[in-house]
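All of the numbers you see were taken from the coordinates with simple rules; none came from a lab. Only a predicted model underlies this, so the values are computations on that prediction, with no experimental measurement involved. Because the Cβ atoms are built from the backbone with ideal geometry, glycine has one as well, and the counts that use them run over all protein chains shown.
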Amino acid sequence: MQSRPPRTGAPRRGRSQGKKAFDARHRRIGAATPHRSRRHGIVAMQHGTIPTPRLLDGLIRMAIVSVFAFILVLLAVGALLRVWRLVPDTAPETLNIVAIYVCMPAAILLNVPRLSFERELIGLIAIPWICLAVSIALVLALSRLLRWDRPSTACLLMEVPMGNTAFIGYALIPALAGPSAMRYAVVYDQFGTFLILASFGLFVLALYGGGARPTAGAIARRVLRFPPFLALMLGLTVMPAELPVAVARPLETLSGALLPIVVIALGMQLRLKLPRRYLAPLGIGLVAKLIALPLLALALCAAFGLTGDLRAVAVFQTAMPTMMTTGALLSMAGLAPELAAAMVGYGTVLSIVTLPLWHWVL
């Protein structure tokens, strides 16, 4: 019997190697041969699914509804606690003290040490600060023209430029702009909204709070003694970028309680009927926050050459409703608490409509 000649070239692959090669070819073929499923509105692949535009719109609506539903439920809980007289009249002030003196410093200490700057993000970071400058000029001009009182002016100075770019922004940006845009949302929030609150926001409180117009020294003392500012200084100078687990866990727990405490307190203060003197500031503030400033952000994107995810994040984050922490700060300082709560409450409800409209524009 004639023996076979020896094999030349590559050695024969074992069973495991051959199976791996077959699986690799199978994955490539499967990934290239989609089949449609009309029932689920998706393009089904061999090892996954790609959402069609119709399904993507549905996911966006679900994300928006779930986030805002949670906020509206908390607002309703706060309102019911007040209507049923289950809490004393001073409960909102007490909750705001806990939020501002405990939860907010924890959030600052948790997030500020992680800040890192990149030159290519200058345009994105500049947009919230430019919007701040424009909103200051607009509010001060209208305040003088329409003779608003000091508390109403302070309220709009804080609540028009500062949006809820953390809780609502972080939840909705992946649905509105895609998961890849999330890193830009964090940059906008931390280098924009967050630093504006910790600097300009505290300055407004020190300038307008306490009745008589304070001196420069009084303003500086108020800012330097304010716990969130002290936390900001610690976060920028002492705290390490990577916090130990024993420190990070308690800070996460305390910072996570910020939103529920603030929203329930706002619900206790929210009134459907506002004094007539607040109607004009409320209407102008909502239009400026939800429509005018996002339009400005869109124009600034063109000026800075921002496209794609950067453009989407800049517009969406600017279009977010008013930051809820500003309502707590204004209430604690006694600066038009009813107007502050109305800006947050009505702005949150209206943004359920305006954010999808901006998604359509983009």
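Placing +1 at every Lys and Arg Cβ and -1 at every Asp and Glu Cβ, with all other atoms neutral, what dipole size does region 244-362 have around its Cα centre, in debye to the nearest 20?
Around 340 debye, computed over region 244-362.
About the Cα centre of region 54-160, what is the dipole size in debye to 20, counting +1 per Lys and Arg Cβ and -1 per Asp and Glu Cβ, all else neutral?
Here the size comes out at about 160 debye.
Which Rg and Dmax, in Å, describe the Cα atoms of region 316-362?
Answer for region 316-362, Rg first and Dmax second: 12.4, 39 Å.
Considering the options Pro228, Gly283, Ile264, tell which one lies farthest towards the positive end of the dipole of region 205-308, charges being +1 on Lys and Arg and -1 on Asp and Glu at the Cβ, about the Cα centre.
The residue sitting farthest along the positive end of the dipole is Gly283.
What residues have an amide H closer than 5 Å to that of Gly163, excluding those fewer than 5 places away on the same chain, when H is modeled at 1.01 Å from N in the peptide plane?
Result for Gly163 returns Met323.
Along the charge dipole of region 118-163, pointing to its positive end and built from +1/-1 on Cβ of Lys, Arg, Asp and Glu, which listed residue (Ile127, Leu146, Pro161) has its Cα farthest out?
Farthest towards the positive pole: Leu146.
Could you work out Rg/(2.2 N^0.38 Å) for region 60-152, with Rg from alpha carbons only?
Ratio of Cα Rg to 2.2 N^0.38 Å: 1.58.
Treating only the Cα positions of region 135-290 as identical point scatterers, give the base-10 log of I(q)/I(0) from the Debye formula at each q in 0.13 Å⁻¹.
Taken in order of the listed q values, log10 I(q)/I(0) reads -0.82.
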